[in-house]
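As structure tokens, the structure follows; a few thoughts come after it.
The values are calculated or read from the model by the stated rules, or taken from the named source; none is laboratory data. All of these numbers come straight from a predicted model, not from anything done at the bench. Reconstructed Cβ throughout: ideal geometry from the backbone, glycine too, with neighbour counts over all protein chains shown. The area values use the complete protein model at the heavy-atom level, side chains included, leaving out ligands, DNA and RNA. Shrake-Rupley method; radii C 1.70, N 1.55, O 1.52, S 1.80 Å.
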Amino acid sequence: MTDKILTVRMDAHPSDSHTLSRYLDTGGYEALTKALNDMSKEDIIEEVKASNLRGRGGAGFPMGVKWGFLAPAEPRYLVVNCDESEPGTFNDRQLTERDPHQLLEGIIISSYALGVSHAFVYIRGEYPKSARRLQRAVEEAYDAGYLGQDIRGTEFSLDVTLHLGGGAYICGEETALLNSLEGRRGEPRLKPPFPAVEGLYAKPTIVNNVESISNVPWIMTNGGTAYAAIGPERSAGTKMLSISGHIARPGNHEIVMGMTWRELIFDIGGGIPDGKALKAWIPGGASAPWFVPDEHLDTIVSIDDVAANGSMIGAGAVVVMDETTNVVAAAHRIVRFFAHESCGQCTPCREGTSWLEAVLKRILDGNGRPEDIDLMLDISDNISPGLKWPPAMTTICPLGPSTVSPITSITRWFRPELEAMIAGSEGPVG
Amino acid sequence: MMSVISHWSLENQERARSILASYPVKRSALMPLLYVASLEHEYASLEAMCEVAELIDITPVQVQSVATFYTMFKREKIGDYLISVCTSISCHLNGADEVLAAVEEASGVASGETTDDGSVSVEHVECIGACGGAPAVQVNYELIEGITLDKAEALIDWLRDTKPTVLLADEMQQLFGGQRSFDWGSTEPQGATRPVPAFGPYGSTNGSARGGR
């Protein structure tokens, strides 16, 4: 049974897994040759559909279904989202630094299938090494005839342009990314129209995450059915989980979903350092509601099981907090992030995130008021009515509702701690 | 159109041409060109923004509107070395606030400020994707993971004493780093020459690493 797909080469060949020569030595670009010579475009799309691969960028939408929405107009574009910015996430960084050709081969196969002749990779500006490694891979691929005109003797031509962002989390949202790539402020667009119909330059565009596209070569070689057979039925394939915080073995772990959180944190992650107890963890990045040991250690690590328990796997960022963690300070840190990264278009998000930050700050500073818990929940309810999961939206994109996650988490699981902090405070000032 | 940048270095003029040729719609070149212009003018100055506007045929105010949206375009002169201390959640849980305080103490300036001699700027930033190696900092966007308070101070001294012209992440990681998010693999030959992300097509690395494997 396959348990690793994406990290096999970099683990076996740590010194040169990023080079074309090593890539070719380890079966690289054979999937492209197969796709170009033996498969129709429809065959490739069918294999991706059969894989049941759900997008790895956070939303978990089936990649093959997304591809199926691509409108027939020309030209069409493929845009790869390497704007990995969700706090706690660093798996795309490893995939691009350590195995850039794997991503590039996925881009070339996907572009061929989708009728794309110009693909873009939007790389966050804080990842210059990813950009350099991808740039060298692109140059190698042009030199070797995997990119450019008439690839490998076919009539298929493709150019790939790498584009660096400027330090804005919101550009990970696909329509904000497209605006940014068009040389505009990274403000999300109203949907519909969806990018598959009107995306980059208002042309049909597929936006896929780095990890999603990096799986495409394996799927072509081994078949979509083989990919679908890995892991739980609706969480097929492997997933790169970034584990950080208070954990003995932080890092990216490529896993097959279906284990429990207990196994993930204590076996794969090595447990909590220094013999401390686990207090809480975030199963899927700063946007996700938190899990706690009494409730969730035996929950299954899968997209659907986590969703059924009111949170999400997201882009795969697991942030672990031990018993010493001041959860109010941790929540404040996350809310501050969203307040800083709000693009400012939608009033509930622009105003709500800043007010939540301010209220949490005054509680932390010892100036909390008895009504502050209700106040924070009220502000949250104005951002995302009903405080449900998945969150109701009053905003163009999910950034605003994401800010609510740490608020509902600490008020639900750590209310006594929050109340004690407020009660111990000096009361209202002014 | 290109005459507006005739005072740029020939290399950067060529880079601008190449960037413009990479996009079907020239406005897409705005951010890449602003990075190159930031090298020419030391930062994203008003003049730099006006030149980029002319290159892509939009108004200077449109460029300014974009530049102000993104934190990495510096609209004031900053130091030769930009120290970015991550204070987001995973770094926060691993002592990032203390690292920031140590960097501020050693450099003598608070977050958001530049030393009088123009050598060092300090900022605290949101998540830089180094959570497995928290706490992490970047110098001119080159990464150091698993930094300690002592090493943070030593980093500032090292920058001031040796005044490196190229910042190489592997070298800095060796000198000042600790726990990494993952095995970095082989040494990366290119690094940053300025507080602009080090990327060959934008001209901000130590030359081309083409074939240098």
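Brief remarks on what is shown
- Taken together, the residues in the stretch B:1-26 that are among the basic types (Lys, Arg) and within 14 Å of another protein chain (Cβ to nearest Cβ) amount to 2.
Let's see how each residue does on (1) outside any loop (DSSP other than H, G, I, E, B); (2) within 14 Å of chain B (Cβ to nearest Cβ); (3) aliphatic (A, V, I, L, M):
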{"residue": "A:213", "(1), (2), (3)": "yes, no, yes"}
{"residue": "A:218", "(1), (2), (3)": "yes, no, no"}
{"residue": "A:234", "(1), (2), (3)": "no, no, no"}
{"residue": "A:258", "(1), (2), (3)": "no, no, no"}
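- Flag for residue A:188 being surrounded by fewer than 20 Cβ atoms within 10 Å (Cβ to Cβ), in the same structural domain as residue A:166 (by TED's automatic domain parsing) and not basic (Lys, Arg): no
- Residue in the stretch B:50-68 that is most open to solvent (accessible area, probe 1.4 Å), counting only those that are outside any helix (DSSP H, G or I) and over 18 Å from residue A:180 (Cβ atoms): B:57
Residues checked against (1) surrounded by fewer than 24 Cβ atoms within 10 Å (Cβ to Cβ); (2) outside any loop (DSSP other than H, G, I, E, B); (3) under 14 Å from the mean Cα position of the chain (by Cα):
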residue: A:57; (1), (2), (3): no, no, yes
residue: A:66; (1), (2), (3): yes, yes, no
residue: A:70; (1), (2), (3): yes, no, no
residue: A:75; (1), (2), (3): yes, no, no
residue: A:87; (1), (2), (3): no, no, yes
residue: A:104; (1), (2), (3): no, yes, no
residue: A:109; (1), (2), (3): no, yes, no
residue: A:130; (1), (2), (3): no, yes, no
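- Taking each residue of the stretch A:408-425 that is open to solvent by 60 Å² or more (accessible area, probe 1.4 Å) and looking for partners that are of a type in the set (Phe, Trp, Tyr) and modelled with pLDDT of 95 or more with beta-carbon atoms closer than 8 Å, six or more apart or interchain, yields A:413/A:290.
- Scanning the stretch B:133-187 for residues being away from every other protein chain (no Cβ under 14 Å), among the hydroxyl-bearing types (Ser, Thr, Tyr) and either on the phi > 0 side of the Ramachandran plot or assigned to a loop (DSSP other than H, G, I, E, B) (or both) gives a total of 2.
- Residues of the stretch B:1-27 satisfying the condition of being buried (at least 16 other Cβ atoms within 10 Å of the Cβ) and either free of Cβ contacts under 8 Å to residues at least 40 places away in the same chain or not in a helix (DSSP H, G or I) (or both): B:8, B:13, B:16, B:20, B:22, B:23, B:26, B:27
- Scanning the stretch B:28-49 for residues that are over 17 Å from residue B:197 (Cβ atoms) and buried (at least 17 other Cβ atoms within 10 Å of the Cβ), we see that the one that is nearest to the other protein chains (Cβ to nearest Cβ) is B:28.
- Pairs with Cβ under 6 Å, 6+ apart, first in the stretch A:245-273 and not assigned by TED's automatic domain parsing to the domain that holds residue A:54, second open to solvent by 20 Å² or more (accessible area, probe 1.4 Å) and modelled with pLDDT under 95: A:256/A:3; A:256/A:231; A:257/A:231; A:257/A:232; A:258/A:231; A:258/A:232
- Total residues in the stretch B:85-99, condition crowded, with 23+ Cβ neighbours inside 10 Å, more than 8 Å from chain A (Cβ to nearest Cβ) and not β-branched (Val, Ile, Thr): 3
- Candidates A:20, A:95, A:6: the one that is modelled with pLDDT of 95 or more, open to solvent by less than 50 Å² (accessible area, probe 1.4 Å) and more than 22 Å from residue A:313 (Cα to Cα) is A:20.
- The set of residues in the stretch A:133-180 that are more than 10 Å from every other protein chain (Cβ to nearest Cβ), within 27 Å of the chain's Cα centre (by Cα), over 16 Å from residue A:29 (Cβ atoms) and not in a helix (DSSP H, G or I) contains only A:173.
- Test: residue in the stretch A:133-153 that is in contact with a strand residue (DSSP E or B) (Cβ under 9 Å, 6 or more places away or on another chain), open to solvent by 10 Å² or more (accessible area, probe 1.4 Å) and of a type in the set (Lys, Arg): no
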